[in-house]
Each structure stands twice: as C-alpha cells, then as structure tokens.
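Taking it in order: structure first as structure tokens, then the write-up.
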2 protein chains.
Amino acid sequence: MDYEIFELGDVLLQSGAILPQAFLAYKTYGTLNANKDNVIIFPTSFGDQHYQNEWLIGANKALNPEKYFIIIPNMLGNGLSSSPSNTASPFEKANFPNVTIFDNVALQHRLITERFGINQIALATGWSMGAIQAFQWGASYPDMVERLAPFAGTAKTWPHNAVLIEGIRAALQADAAWNKGVYTAPPEVGLRTLGRVYASWGFSQAFYREERFKELGYSSLSDFISQFWEGSFIHSDANDLLAMMWTWQHSDISKNPIYGGDFTLALHSIKARTVVMPVRTDLYFTPEDSEYETKHIPNATFRPIESIWGHLAGFGLNPADTDFIDCTLKELLEKNETRT
Amino acid sequence: MDYEIFELGDVLLQSGAILPQAFLAYKTYGTLNANKDNVIIFPTSFGDQHYQNEWLIGANKALNPEKYFIIIPNMLGNGLSSSPSNTASPFEKANFPNVTIFDNVALQHRLITERFGINQIALATGWSMGAIQAFQWGASYPDMVERLAPFAGTAKTWPHNAVLIEGIRAALQADAAWNKGVYTAPPEVGLRTLGRVYASWGFSQAFYREERFKELGYSSLSDFISQFWEGSFIHSDANDLLAMMWTWQHSDISKNPIYGGDFTLALHSIKARTVVMPVRTDLYFTPEDSEYETKHIPNATFRPIESIWGHLAGFGLNPADTDFIDCTLKELLEKNETRT
C-alpha cells in the first residue's frame, strides 16, 4: 500500500455517535521543513482516493514536493479512511454513522497536529467535496490557514446541488440488489445507473456539443458514457458512496458549534488569502454560488476557470484547465504579504 | 372521454416497421372557419397528454378558441395515441416500434388534411418535445405553416440533452420490476427514481436557491421532490415513457428523406415567420442551441424567456412566464405581413 494510516481511537462525531477505532488514510509528498511551515493540505473528493489528486502535484507545479510537504487525507467514507466498507459491526455497511465535513476536517486537524506537530498551513486546496473541506479548514482554523484555494467547490451544498444528490442516490438505490445496504455482491446495476445519471452533470452542454470526450480517447458518446462514466463508480462500494453523499448533501461550513449555522459569519471569519476558482460551466457547484461566497470572505478573489469542461475541469483531464489552476496556485503561493 | 380518435389504419413508419391500426388521440378547441385558415397546432410533450397544454388556451389568450381552431394532437407513445400500453401483440409493451418526430408530424398532417381538409396552419407551437414537433411541422411542410413559435425546445436533440436521456432511461430501467418491459404491476421504484433524477433538470439552480417551489404550494424541498417530481411520472406507463424517450433522443428535423440529415438545410427551409423562445436558464434545451438554430432559419427571431424557472418556465406554472409566452404569441399572430 502506498499510503499511511493514522489511528484516531474512538471518535465522537458531530451527530453524537461514537465511531470506534476510527482512522484516516493519508499520503504525503515531499518533506516537512524545520519550521513546519511548508504544509499544503489537499483533501479528496466524492468517490475519489488520494491518488486521484496526484495530477496536480509535481516538481514543475505549484504543488511541488521538492518545496512543500503536501498531505492528502482521504475523506471518511472513501474506502481507505474509516468507511462503511471497512468498519466493524455495529457500524458496518449501512450502519455507518453520518459524518460531516466538520468531522472530516477536525480529524484531519488531529492528523497534522498530533502526528506531525504542524500548526501552520501554507495552503488548503481541493476540488469539489475536497474544496468544501478546504473551505472548512479556513473556517474551522482561521488562524492556522494562510492561503485557501478551493476549485469547483463551494462552502456549503446549495439547494440545487442537493437536488442532484437526491437523484444520484435514488439511481443507486433503485437497484434491488442494493437491498438497503445489505449486499454480498455489488449492486452493479445501481452503480452503473449512478454513472449514467452523473454523465450529464459532470461536463457542460458545450463539452458534449463539441465532443470533447474524443480528446480523452473515446471514439463515441456511447463509449464515453459506458466506459468513463459507468466505470467511474463500478468499483466503488455502494454504502461508501452513500455515506459520502450524506456528507456532501449536508455540507455547510457554518453548521457547527463555532458558527451555529450563520453561513455569512463563517465566510467572514476566514482569514486566509483566498482564491475561489469555480468553473464557468459547472452545472452544480455554480459560479454564481461561488461568487456570492467570495464576496463574504474578507481577503478573497474570484477567479473562475473559463472552461467548457464543466465540473470536471477540476479533475486534471484538460491540460488548459490544469494549467490555469496550477498558475493560480503558484501566484497565490508566491504571495507572502501579511494577511489582512 | 374528452378527446377524439383519428384512425390511421396500418402505418408505415420511418424505421420500415408497420404499426397496425394506428390512431391519434386529439382534442380541438374552437371552430374551424369557412376559409379553414384559423388553425393552430399545438402538439404535446414528453409524458404529457393534451389537457396539460390547456393552460395556454383561453378567451383572453393568444390561443383564443373564440378566434382560432386549436388542435392538440397527442404524440405517439403518450398513452392516448398509439402507444406501448394500448397496442396489441406483436407490438405491445416493449415491442412497440421506434417512432420518430417525423412520423408523429406526418400522422398529424394526415389528421388535419384528411379529417378536416385543412391546408394552412396559422401557427405551430409547442413546448419541449412539443416544440420539436412544431419545428418539424415547419420543416416537413414549409408552405403550409405560416407561423412557428417553439418554446423551450430545439429542432434536434443536442448531445448533452441526449446524455440526460441516457440518465433518466437508466433510472427507470434500474428497477428490476421493469423486467425489460414485461411487467404486470408498474415498476414504481423506477418511476419514482426517474422523477427524482428529473428534479434537478426541470428547474434551474436559481429556482431551487430561491425556493420558488413554495409558490407552487410546497412547503419544503423534500415535499416538492416527492410530490411534484415523483408524482410527475408515477402514473405513467414505463414502456410509454421509454418509447417517448427514444423519440426524443433521436429527434432531428433533418433526419428524413426530405433533408437527408442536412440540419442546416432543414432549418433554412423553414418558411414560417418564426419566434424561438428558449428559457434563459433551461439546462437541457439550452438557449445557446436555440440561438444557433434561430440564425439558420430565414425569418426567425430569438426571444428568450428571461426566467429562473428553467425548462418548466414553459409548463404554465409561473404567471410571468406564461404572460411572456402569451404576449409573444399574440404579437406573432397579429403579424399578417407576407412571408419572406
């Protein structure tokens, strides 16, 4: 295995449930310097594991492991950190407790403070649900996070995004083989259906109009849907996906004891120098929602990714979008001015 | 029953299949005048039946039955005209042949010429798949259609729209009770899932952000999804919906012997004075696609419905959108200039 495990012991979740013998799987890149001030945290997104973030890391990139100590914590429910698929009774499978973004980030905070003695984060970044976690880092630990760069993600799950989740959850659960989470073989029909429904959300209308999937090596729309989209979820555990959907649907950086649900206050409390990068054509983490949020973060810049790759402009598939994100991160990391 | 039946006999479809004893269900409003030149044709849309078009008809409206003879033909597959659910073996249920938009309009043409002796249409209009049929009227019978006013619909199903259909079809078919179309009881889970998936497409992000569903009498998002959206399809026959999805997915006004697949030529051949009304926030019949099409129709105006009600701005739920459509139709109908 190419990652480490951090044992958390029995963890009290926001819901009041105790997740016994919880653990985070994580991977680091580069070396922590003596001052412990070269840290970048880069959480994972829905259905993804740490290696799916690696496209943004490299010696020529902003996330340069020769310079920075980059930590990718796997989010709870993703099959590597504590998840329905790897937790013992009585919290196995569909019995896994509901976990919030706040929980995820609190445990990631334990990882970096307890294991590494880190008290300062040069940059928190992430895509999609990873972006939500980055926002939560900025709101939960405002004095610790120097820079914040969420891309294709918002500080809460806005209503239409929640409706989309209702659809993909129903798609997965429509397969009787899912059997309320008690299955021995994967509910393959449900997983494929989830992929087919997701296909129309992941990329923009213009992406499909221009058949940009051909740049990814697919010769037809039909192949792209079957191979790329059904393939995106077919190897995932259904209960894991459902656990992450719950987390996603209930995301809100203010829904915690610090902010008591005051979303504007939570945004306003972020101290990091922030660059918010929505994708112009993202159909569910919309630029409009990001623009609203940016206005409420004191030291934030709105820098949309002008791409027709939709939400997946932030997934490392399109070189132009990757360059834009990378350049924006480089610019942000080079800024050393005092925070406002 | 509040509608009429027009018997078509055995019908040769575009696919080469013969649909035996086919029929169209239709309803008329108003009286055909002596010149037979006061005709408005207003086809139905996906999952809908004629009564769901009636919101746009009234004595104070553009579609005034005191002035016009308005015909609403039910599209094939909608459960009233020939459909999987009402056709005898060997074409019953999943064995129903594939029907195109071209087929639908050719049969509607027989209805109005053979039954009524009509040779002139003052206006062809419709919403969504009804709009596609209106476009087909303009392209199949350019000398017959004086005015054309499709709203929230395009002249073909553009690629992203086709991807959406892949998703909703998969959602319905994920229910094992669907059983490849051979069921005795409705595949209720699949029908509900279809509704839940559709929920995120039917209205815009802003509609949900602003909780505009409250204007429809729903107190919560959850109620809206369960009652409005699941309710939208739960009473439909699954094979009927699948037949209409096939028609929808393969829509293209040029895919027929007249135009041989030359989409631009088909658009260019429309002679009607045309007003194209996409909804600015429609997520699948996009204003961009409509704008492209408008540019290729000689006598066409692009008049987007500036609404956050998304695709369903054309479903008669929001008074402001209904007024906009009605006023635009009034203006169009009042124009009597010679066609270019």
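The numbers here are math on the coordinates, done by the rules we state, and not lab data. Bear in mind the structure is a predicted one, so any value in this text is a computation, not a measurement. Ideal geometry is used to build each Cβ from the backbone, glycine not excepted, and the neighbour counts take in all protein chains shown.
For this structure, a couple of remarks:
- Residue match in the range B:138-149 (condition: within 14 Å of chain A (Cβ to nearest Cβ) and either in contact (Cβ under 8 Å) with a residue 24 or more places away in the chain or not in a loop (DSSP other than H, G, I, E, B) (or both)): no
- Segments classed as strands (runs of 3 or more DSSP E), wholly inside the range B:2-112, with at least 1 members that are touching a residue at least 24 places away in the same chain (Cβ under 8 Å) and either hydroxyl-bearing (Ser, Thr, Tyr) or within 27 Å of B:LEU191 (Cα to Cα) (or both): B:18-29, B:69-73
- Any hit, the range A:269-288, residues being touching a residue at least 60 places away in the same chain (Cβ under 8 Å), out of contact with any Cys (no Cβ under 6 Å at 6 or more places or on another chain) and among the small types (Gly, Ala, Ser): yes
- When the range A:207-226 is filtered for residues that are free of Cβ contacts under 8 Å to residues at least 60 places away in the same chain and either aliphatic (A, V, I, L, M) or within 10 Å of chain B (Cβ to nearest Cβ) (or both), the ones remaining, listed by number, are A:TYR208, A:ARG209, A:GLU211, A:PHE213, A:LEU221, A:SER222, A:PHE224, A:ILE225, A:SER226.
- Every listed requirement among (1) under 18 Å from A:GLY167 (Cα atoms); (2) out of contact with any Lys or Arg (no Cβ under 6 Å at 6 or more places or on another chain); (3) within 14 Å of chain A (Cβ to nearest Cβ) is met by B:VAL279 save one, (1).
- Lone unmet requirement of (1) closer than 27 Å to A:ASN53 by Cβ; (2) in contact with a Gly (Cβ under 7 Å, 6 or more places away or on another chain); (3) more than 7 Å from every other protein chain (Cβ to nearest Cβ) for A:ARG196: (3)
- Filter pass, B:ASP321 being closer than 19 Å to B:ASP48 by Cβ, crowded, with 22+ Cβ neighbours inside 10 Å and in contact with a His (Cβ under 6 Å, 6 or more places away or on another chain): no
- In the range A:227-264, residue farthest from the chain's Cα centre (by Cα) [restricted to those that are β-branched (Val, Ile, Thr) and surrounded by 20 or more Cβ atoms within 10 Å (Cβ to Cβ)]: A:ILE253
- With respect to being in contact (Cβ under 8 Å) with a residue 24 or more places away in the chain, surrounded by fewer than 23 Cβ atoms within 10 Å (Cβ to Cβ) and within 17 Å of the chain's Cα centre (by Cα), A:LEU333 falls outside the description.
- Residue in the range B:265-275 that is within 14 Å of chain A (Cβ to nearest Cβ), buried (at least 22 other Cβ atoms within 10 Å of the Cβ) and under 22 Å from B:LEU56 (Cα atoms) present: no
- Hits in the range A:158-184 (condition: β-branched (Val, Ile, Thr), surrounded by fewer than 24 Cβ atoms within 10 Å (Cβ to Cβ) and either without any contact (Cβ under 8 Å) to a residue 60 or more places away in the chain or within 14 Å of chain B (Cβ to nearest Cβ) (or both)): A:ILE165, A:THR184
- One residue stands out in the range A:227-253 among those that are within 28 Å of A:ALA177 (Cα to Cα) and among the β-branched types (Val, Ile, Thr): the one that is nearest to the other protein chains (Cβ to nearest Cβ), namely A:ILE234.
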